[in-house]
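Have a look at the structure below, then the notes.
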Amino acid sequence: MQVYNTLSRRKERLNTLEPNKVKMYVCGPTTYNYIHLGNARPLVVFDIIRRYLQYKGYEVTYVQNFTDVDDKIIQRSQEEGKSAAEVAGKYIDEYFRDADALGVKRADYHPRVSDHIPDIIRVIETLVEKGYAYRIGGDVYYRVRAFERYGQLSGRSLEEMLAGARVEVDERKENPMDFALWKEAKPGEPAWESPWGLGRPGWHIECSVMAMKYLGETLDIHGGGADLVFPHHENEIAQSEAYSGRPFVRYWLHNGFITVNKEKMSKSLGNFFILREILSQYPAEVVRFYLGSTHYRSPLDFDNTKLEEAGRALARLNNTLRRLNEVVKNQEVEANDGTRDTDEGFVSRLRELKEKFEVAMDDDFNTAQAIGYLFDMAREINAYLDFWEGEGSSKAPAAIKEAYRVFTLLGGNILGFLSEDFEHKGHGISDKVIEILFEMKEEALESGSLERVERILSCLQSAGIEIEDTFSGSTWRANRPVNVSDLIEPLLSWRSEARRNKDFTTADVIRDNLKKIGVVVEDTKEGARWRIEATGKI
Ligand SMILES: [Zn+2]
């Protein structure tokens, strides 16, 4: 197995410190707000990496921290009139809601800075004793000149950094690149007692301390977004190696940036996406598929059409899964697990594709290629199911059970988007559109307009919604992740048809109903356009 190591700038054979064990640390979010799309990418990327390592037989210990002591949290707490701990606690809960929705498994440890202040103080004390840090008043700084390898990860010399950096010039610092390990408390801020007076830790030191505490002085894998290489990870190396005298990390893995229409995502550009808002419009498994289907080191350019595409692609895989499911759950499977002659070719093609999938994943977790093989597999399975259904045999051959096992292993257990845990329900806007369609259906029934009822049913059907009529009324279930556009588009073409026929009542009913749930329809020269009104507070 090969992984690309940012430190050596090349792919290296994965050779862990202890055989069959991987100690892995990934930088977690600063908990002052809902997470944004840029936070969600490493979440999914490293979840897939962890799952794949486990599949390969490694015992993985996974640590992801929460930065719950930070300027932004203090600022937010002052705005909201709450304590910093309350703000951090709230957004940690919200973080888990998002991570769970995306099918991200919990880490073995989720340490928080506020629980590790004494550990952090001890490490800083050692750094001061060893001459790697110095005190100025109530602050403690790291002395970058004392650490020879500073700049190794980002590939820049101290001189180059100085030339390019816009560092705050603090006359008291020995070198402008020296960074804070401990900061003196300002009035009203959360603060802890230390040998240097009341204060709080700087950002970088927490990761060094918590990583070493839970994983030992040398980790196998340290992950994070590429934006963390400098200064955060560069500083982590300097602190940890100066402290322990040992190599800190064997393999540094960094995921690429997310851009929006080729521009960097940022609040000032107004293209900043809160994950929760995206999850209110798109099924979580589609978002996971989208984030996981590009190679993790490549940049990922976001726009809504990409999510639409991801939704359609995933629907194809889900369709195969549904067909397999129906057979495996409803049909008696032949006990014989030896395969019939006619099935041998099919089973060996499955095996071949599974091997190719693994070769791709073994090559620095190339999910893009691996998913390509999953689509090939879906095609093989569909063709086989067509053939078997044509045969009209009552029992399902063992080959179908094998196909089900392999398909859910790769797409479900490893990549995590083909899973029955995703209920295809509870996706904000699409649920609301479905409710609206149900209301319209009831009204149409009452007024005896069967044509209208038909029309509504076909809108639902085209989004994969099945209606079950029971004594207590109608309920629905989705046979694949529901794309909100698959619901709205047919509604809008119905509306334009009505407008052409001068049936403005129907056209207005559709527009007004959508408006009630925050979907705004605008008529332009090119036809009707729709958008979802932003409601979330960023
Ligand atoms: Zn970190």
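The values are calculated or read from the model by the stated rules, or taken from the named source; none is laboratory data. Worth saying up front: this structure is predicted, and the values here are computed from it rather than measured. In this analysis, Cβ positions are derived from the backbone assuming ideal geometry, glycine residues included, and neighbour counts consider all displayed protein chains. Surface areas here come from the heavy atoms of the whole protein model, side chains and all, with no ligands, DNA or RNA. Shrake-Rupley method; radii C 1.70, N 1.55, O 1.52, S 1.80 Å.
Among residues of the range 226-242 that are acidic (Asp, Glu), those with a Cβ under 7 angstrom from a residue that is within 11 Å of the ligand (Cβ to nearest atom), sequence gap 6+ or separate chain, pair up as Glu236/His204; Glu236/Cys207; Glu236/Ser208. Asn261 falls short on exactly one of the conditions (1) within 16 Å of the ligand (Cβ to nearest atom); (2) surrounded by fewer than 24 Cβ atoms within 10 Å (Cβ to Cβ), and that condition is (1). For Pro481, only one of the following conditions fails: (1) of a type outside the set (Asp, Glu); (2) in a helix (DSSP H, G or I); (3) surrounded by 15 or more Cβ atoms within 10 Å (Cβ to Cβ). What is its number? Exception for Pro481: condition (2). Applying the selection to the range 41-87, what residues are within 16 Å of the ligand (Cβ to nearest atom) and in a helix (DSSP H, G or I)? Arg41, Pro42, Leu43, Val45, Phe46, Asp71, Lys72, Ile73, listed by residue number. Annotation: Lys432 fulfils all but one of (1) modelled with pLDDT of 85 or more; (2) open to solvent by 60 Å² or more (accessible area, probe 1.4 Å); the unmet one is (1). Among residues of the range 184-212 that are under 19 Å from Arg246 (Cβ atoms), those with a beta-carbon under 9 Å from a residue that is open to solvent by 20 Å² or more (accessible area, probe 1.4 Å) and of a type in the set (Lys, Arg) at least six positions away or on a different chain give the pairs Val209/Arg122; Met210/Arg112; Ala211/Lys23. For the range 382-400, the criterion of being at pLDDT 90 or above, within 21 Å of Glu344 (Cβ to Cβ) and of a type in the set (S, T, N, Q) is met by at least one residue.
Taking the conditions exactly as written (in contact with a Lys or Arg (Cβ under 7 Å, 6 or more places away or on another chain), open to solvent by less than 20 Å² (accessible area, probe 1.4 Å) and not β-branched (Val, Ile, Thr)), does Phe66 satisfy them or not? Here the answer is yes, as Phe66 does meet what is asked. Only one entry of Phe257, Phe248, Phe273 meets the criterion of being over 19 Å from Arg9 (Cβ atoms), among the hydrophobic types (A, V, I, L, M, F, W, C) and in contact with a helix residue (DSSP H, G or I) (Cβ under 7 Å, 6 or more places away or on another chain), and that entry is Phe273.
Cβ-Cβ distances below 9 Å connect the following pairs, each with a first residue in the range 466-491 that is of a type in the set (Ser, Thr, Tyr), a second residue that is part of a loop (DSSP other than H, G, I, E, B), and a separation of six or more residues or different chains: Ser485/Ala463. For the range 206-248, taking the residues that are farther than 21 Å from Tyr62 by Cβ and crowded, with 23+ Cβ neighbours inside 10 Å, the one that is nearest to the ligand (Cβ to nearest atom) is identified as Asn235.
In the range 96-117, the residue that is nearest to Glu206 (Cα to Cα) out of those that are part of a helix (DSSP H, G or I) and touching a Leu at 6+ places or on another chain (Cβ under 9 Å) is Ala99. Filter the range 47-89 down to the residues that are of a type in the set (Lys, Arg) and touching a residue at least 12 places away in the same chain (Cβ under 8 Å) and list them by number. Within the range 47-89, Arg50, Arg51, Lys56, Lys72, Arg76 meet the criteria. Do we have Leu162 as farther than 30 Å from Lys82 by Cα and within 13 Å of the ligand (Cβ to nearest atom) here? In short, no. One residue is enough: does the range 114-132 have a residue meeting the conditions out of contact with any strand residue (DSSP E or B) (no Cβ under 8 Å at 6 or more places or on another chain), under 30 Å from Asn413 (Cα atoms) and surrounded by 19 or more Cβ atoms within 10 Å (Cβ to Cβ)? Within the range 114-132, not a single residue is out of contact with any strand residue (DSSP E or B) (no Cβ under 8 Å at 6 or more places or on another chain), under 30 Å from Asn413 (Cα atoms) and surrounded by 19 or more Cβ atoms within 10 Å (Cβ to Cβ).
Only residues that are within 16 Å of the ligand (Cβ to nearest atom) and either of a type in the set (S, T, N, Q) or assigned to a loop (DSSP other than H, G, I, E, B) (or both) were counted in the range 16-33, giving 6.
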